[in-house]
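Heads up: the structure comes next, in structure tokens.
The values are calculated or read from the model by the stated rules, or taken from the named source; none is laboratory data. Predicted model, so just to flag it, every value in this text is computed and none were measured. Positions of Cβ are backbone-derived with ideal geometry, glycine not excepted, and every protein chain shown enters the neighbour counts.
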Amino acid sequence: MPCHLDSPARSSPAPAAALPAALAWVEAELDSLRAAGLERPARVRQGRQGREVTLDRRTLVNFGSNDYLGYAGDVRLTKAASKGACAEGFGAGASPLVSGHSAAHERLERALADLLAVEAALVFPSGFAANTATIAALVGPGDFIASDARNHASIIDGCRLSRAEVGIYPHRDVRALDSLLAARPQARRRLIVTDTLFSMDGTRAPLADLCTAADRHRAMLLVDEAHATGVFGGRGSGLVESLDCADGVHVRVGTLSKALGAAGGFVAGPATFIHWLRHAARAWIFSTAHPPAVAAAATRAIELVATEPNRRRDLAARAAAFRERLQAAGLDIGGAEAQIVPIVAGSPDAAVALSDGLAAAGFFVPAIRPPSVPHGKSLVRVSVCWHHSDHDLTTLAEAVARHAHRD
């Protein structure tokens with residue numbers, strides 16, 4: 001049975017106190033954000049993730065979640081987490097290297113390795129930590145990183161943290177990538193890093209060509225499968241599997257918090273590499289392990305991905321039909337080719353207006369603005385999930401067409 005929790009009423013925030021003189025500059029920064037249309041609201045969600053979401057006591061059809069397979073609110077994960085907490089307590093208590101690595105974490109890492117058909121995996125407190133720690137462990141001063149221009153912020157920050165030289169190649173432009181790598185023959189190590197499914201564009205990386213480039217330039221290839229894990233491939237392990245590129249990809253990063261409905265991140269690859277990473281990934285070494293109960297829930301989600309392949313098949317079909325409806329209405333969805341579907345609005349104000357119009361029609365579709373997207377490319381992002389019906393998607397497409405075509 002689902003858990004039923006009373007949602008506390010949201011109290012009015014207390015008036016903000018005057019900032020100390022040393023922090024007075026913050027007000028000017030906030031004023032600049034407001035003037036540029038980039039201030040974000042702090043929304044409070046009541047209840048669990050699912051087809052509908054209640055934000056600030058307003059219930060809308062939820063197209064703002066990364067819960068692609070509908071597992072985030074699934075009672076089967078709740079039960080697994082409850083059993084895990086009863087068995088091992090909730091907090092891990094220490095870093096994995098000290099005493100925080102539990103039997104639940106060990107089972108999860110084995111399940112991840114089996115899902116991805118690799119030798120080993122390592123679980124991190126978040127996908128962000130997995131990227132920043134792994135990139136900074138792989139390369140450093142004297143090395144070179146080639147990074148796609150649309151990569152996630154965690155990849156960008158990992159590149160900065162590494163202190164390696166970074167070259168940015170235009171989105172999915174393998175020819176430009178080749179030029180960058182060819183111009184750095186003196187680099188001690190070279191690393192290509194990319195998302196496989198880009199979180200704001202819904203576009204796919206040209207993985208086969210990237211594998212070829214990595215081989216040609218003797219470079220390492222790290223891919224982030226955050227938005228593809230669970231969604232693509234015969235086993236549901238991601239686009240590396242779907243595109244048959246496992247032999248050319250050296251390191252895979254992913255999250256447990258999107259299609260798997262849990263929390264945390266992971267890195268997967270050869271056992272020797274994972275063993276070395278335990279000695280080199282600072283965000284893993286110096287962070288308390290994430291709760292064993294969460295690991296238990298993630299392991300249950302991996303089991304469900306294996307036994308419920310219909311969810312990813314249904315998701316792919318519904319997302320394709322939705323994209324076709326938007327394109328038929330003359331809407332700009334960029335090069336979207338997955339369950340992430342952007343509708344490009346242009347300015348931040350236009351994106352917010354479109355999001356507000358869709359909310360008035362009963363849909364939560366968040367506005368995405370810089371720095372998440374380039375200037376002039378603000379958009380609303382539709383995240384299609386398994387629990388959305390054909391009716392949901394048809395009526396949303398109609399609402400988008402109606403509001404996007406208004407001046």
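The residues in the stretch 179-198 that are more than 17 Å from residue 138 (Cα to Cα), assigned to a helix (DSSP H, G or I) and either touching a strand residue (DSSP E or B) at 6+ places or on another chain (Cβ under 9 Å) or without any contact (Cβ under 8 Å) to a residue 24 or more places away in the chain (or both) can be counted, and the count is 2. Acidic (Asp, Glu) and over 25 Å from residue 260 (Cβ atoms): does that describe residue 398? Criteria met by residue 398. Under the condition of being over 12 Å from residue 325 (Cβ atoms) and out of contact with any Gly (no Cβ under 7 Å at 6 or more places or on another chain), the residues counted in the stretch 371-391 number 12. Screening the candidates 289, 316 for the property of being of a type outside the set (Val, Ile, Thr) and more than 20 Å from residue 90 (Cα to Cα) yields one hit, 316. Is there a residue being among the charged types (D, E, K, R), in contact with a Lys or Arg (Cβ under 8 Å, 6 or more places away or on another chain) and within 23 Å of residue 171 (Cα to Cα) anywhere in the stretch 309-324? The answer is no; no qualifying residue exists.
As a summary of the residue check, residue 52 satisfies the conditions (1) under 25 Å from residue 388 (Cβ atoms); (2) modelled with pLDDT of 90 or more except for the one numbered (2).
Selection of the stretch 130-178 for residues being in contact (Cβ under 8 Å) with a residue 24 or more places away in the chain, of a type in the set (A, V, I, L, M, F, W, C), assigned to a helix (DSSP H, G or I) and in contact with a strand residue (DSSP E or B) (Cβ under 6 Å, 6 or more places away or on another chain) yields 130, 138, 155, 159, 177. So, residue 283, is that one closer than 27 Å to residue 382 by Cα and part of a helix (DSSP H, G or I) or not? Answer is no for this residue. I'd like to check something: does the stretch 208-224 contain any residue that is under 30 Å from residue 343 (Cβ atoms) and assigned to a loop (DSSP other than H, G, I, E, B)? Among the residues of the stretch 208-224, not one is under 30 Å from residue 343 (Cβ atoms) and assigned to a loop (DSSP other than H, G, I, E, B), which makes the answer no. Residues that are within 22 Å of residue 152 (Cα to Cα), at pLDDT below 90 and among the hydroxyl-bearing types (Ser, Thr, Tyr) do not occur anywhere in the stretch 380-393. Somewhere in the stretch 93-107, is a residue basic (Lys, Arg) and either under 28 Å from residue 47 (Cβ atoms) or buried (at least 21 other Cβ atoms within 10 Å of the Cβ) (or both)? No, that holds for no residue.
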